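Q: Let me begin by handing over the structure; questions about it come next.
The values are calculated or read from the model by the stated rules, or taken from the named source; none is laboratory data. All values reported here derive from a predicted model rather than from experimental measurement. Here Cβ is always computed from backbone atoms with ideal geometry, including for glycine, and neighbour counts include all displayed protein chains.
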């Protein structure tokens with residue numbers, strides 16, 4: 001028989017099904033939700049690939065809740081994500097970085113307990129301000145199990161308790177990066193797995209199983225144009241890594257794309273640190289806890305890394321509002337802990 005060139009392989013669908021078998025009590029509801037994320041990403045990918053041909057590049061002419069200009073593809077990707085999950089009985093709510101308020105959905109009378117329902121939060125098109133320059137962009141998502149009625153009563157966030165859960169309670173998180181190839185990377189708390197979209201068959205194929213962030217700091221990723229806005233501890237940290245005086249950092253190079261998904265993805269595969277600290281004057285961060293910080297923090301910890309605000313583990317931060325911003329330092333555990341140590345020492349002095 002001639003060799004067809006094919007070997008055993010997992011699609012995203014089959015891999016999720018295999019993971020599901022590890023949980024005999026599962027009824028497939030959560031797995032179906034993950035599959036729908038994959039479907040939404042394929043639709044968004046098709047729009048991104050034809051962006052220059054279909055007049056969807058450029059500014060939409062409006063701003064989002066953060067006061068940032070919305071790109072046309074932001075709006076399209078947001079609509080695709082909403083349309084994908086709106087009809088699913090197990091999804092009782094959504095929240096998007098692009099919308100002021102949460103997207104409530106009626107809780108259907110499915111006969112299932114509250115904890116068998118889910119909420120999903122997403123940044124539909126991270127890095128979209130760079131898309132006109134053909135820079136890699138992505139979709140970030142976070143899935144939480146809905147709280148029981150008892151848990152809701154114990155919270156102080158009227159109307160928002162399902163959404164204002166700390167990151168360590170996430171059931172799953174992940175991202176899709178639309179670049180030279182399209183990759184779906186996710187975790188359910190059992191390692192990080194990456195799938196590459198095969199455009200010929202339209203399926204995500206397992207290409208990176210059990211991703212572990214390398215124990216090297218190959219890349220230092222920060223918007224160094226903001227150097228003068230950083231506090232003293234952050235400046236000292238950046239100078240220390242870039243100086244190359246420590247043997248560990250002799251081959252560390254500055255690499256900053258300005259698309260969080262792209263910067264994070266590179267550092268996850270190569271090893272490195274991404275840094276977007278608080279503004280020294282305002283004390284506020286820029287990146288969103290629920291749509292960026294928490295989902296990527298879950299991923300990096302599952303891959304052996306760490307994420308912090310500088311003073312607190314990202315996954316332990318208790319959200320207080322839907323569009324809360326936080327400083328984000330994320331990557332190799334060694335580098336994140338070094339940053340926290342330098343912040344503590346500076347604070348003590």
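Q: Within the range 282-299, is there a residue that is touching a residue at least 12 places away in the same chain (Cβ under 8 Å) and out of contact with any strand residue (DSSP E or B) (no Cβ under 7 Å at 6 or more places or on another chain)?
A: The answer is no, given that none of the residues of the range 282-299 is touching a residue at least 12 places away in the same chain (Cβ under 8 Å) and out of contact with any strand residue (DSSP E or B) (no Cβ under 7 Å at 6 or more places or on another chain).
Q: While we're here: Restricting attention to the range 215-230, and to residues there that are over 12 Å from residue 275 (Cβ atoms) and touching a residue at least 60 places away in the same chain (Cβ under 8 Å), which single residue is surrounded by the fewest Cβ atoms within 10 Å (Cβ to Cβ)? Give the derivation first.
A: So the first thing to find is which residues in the range 215-230 are over 12 Å from residue 275 (Cβ atoms), and the list is 215-216, 218, 225, 228-229.
If we keep only those that are touching a residue at least 60 places away in the same chain (Cβ under 8 Å) too, we end up with 215-216.
Details: 215: 12, 216: 16.
Per the stated criteria, the residue is 215.
Q: Anything in the range 252-270 that is out of contact with any strand residue (DSSP E or B) (no Cβ under 7 Å at 6 or more places or on another chain) and closer than 14 Å to residue 332 by Cβ? List them, or say none. Show your work before the answer.
A: First pass over the range 252-270, keeping only residues out of contact with any strand residue (DSSP E or B) (no Cβ under 7 Å at 6 or more places or on another chain): 257-258, 268-269.
Across the range 252-270, the qualifying residues are 268, 269.
Q: Sticking with this structure for a sec: Looking only at the range 305-322, count every residue that is touching a residue at least 60 places away in the same chain (Cβ under 8 Å) and out of contact with any strand residue (DSSP E or B) (no Cβ under 9 Å at 6 or more places or on another chain) and tell me the total.
A: 5
Q: Report, by residue number, each residue of the range 176-191 that is surrounded by 21 or more Cβ atoms within 10 Å (Cβ to Cβ) and in a loop (DSSP other than H, G, I, E, B).
A: 188
Q: Out of all the residues in the range 171-183, is one or more modelled with pLDDT of 95 or more and out of contact with any helix residue (DSSP H, G or I) (no Cβ under 8 Å at 6 or more places or on another chain)?
A: Checking the range 171-183: not a single residue is modelled with pLDDT of 95 or more and out of contact with any helix residue (DSSP H, G or I) (no Cβ under 8 Å at 6 or more places or on another chain).
Q: Filter the range 132-170 down to the residues that are at pLDDT below 75 and in contact with a helix residue (DSSP H, G or I) (Cβ under 7 Å, 6 or more places away or on another chain), then identify the one that is farthest from residue 289 (Cα to Cα).
A: As a first pass, look at the range 132-170 and keep what is at pLDDT below 75: 148-159.
Applying the additional criterion that residues be in contact with a helix residue (DSSP H, G or I) (Cβ under 7 Å, 6 or more places away or on another chain) yields 148-149.
Values: 148: 23, 149: 25 Å.
Among residues in the range 132-170 that are at pLDDT below 75 and in contact with a helix residue (DSSP H, G or I) (Cβ under 7 Å, 6 or more places away or on another chain), the one farthest from residue 289 (Cα to Cα) is 149.
Q: Just name the residue that is surrounded by the most Cβ atoms within 10 Å (Cβ to Cβ) out of those in the range 14-28 that are modelled with pLDDT of 60 or more and touching a helix residue (DSSP H, G or I) at 6+ places or on another chain (Cβ under 6 Å).
A: 16
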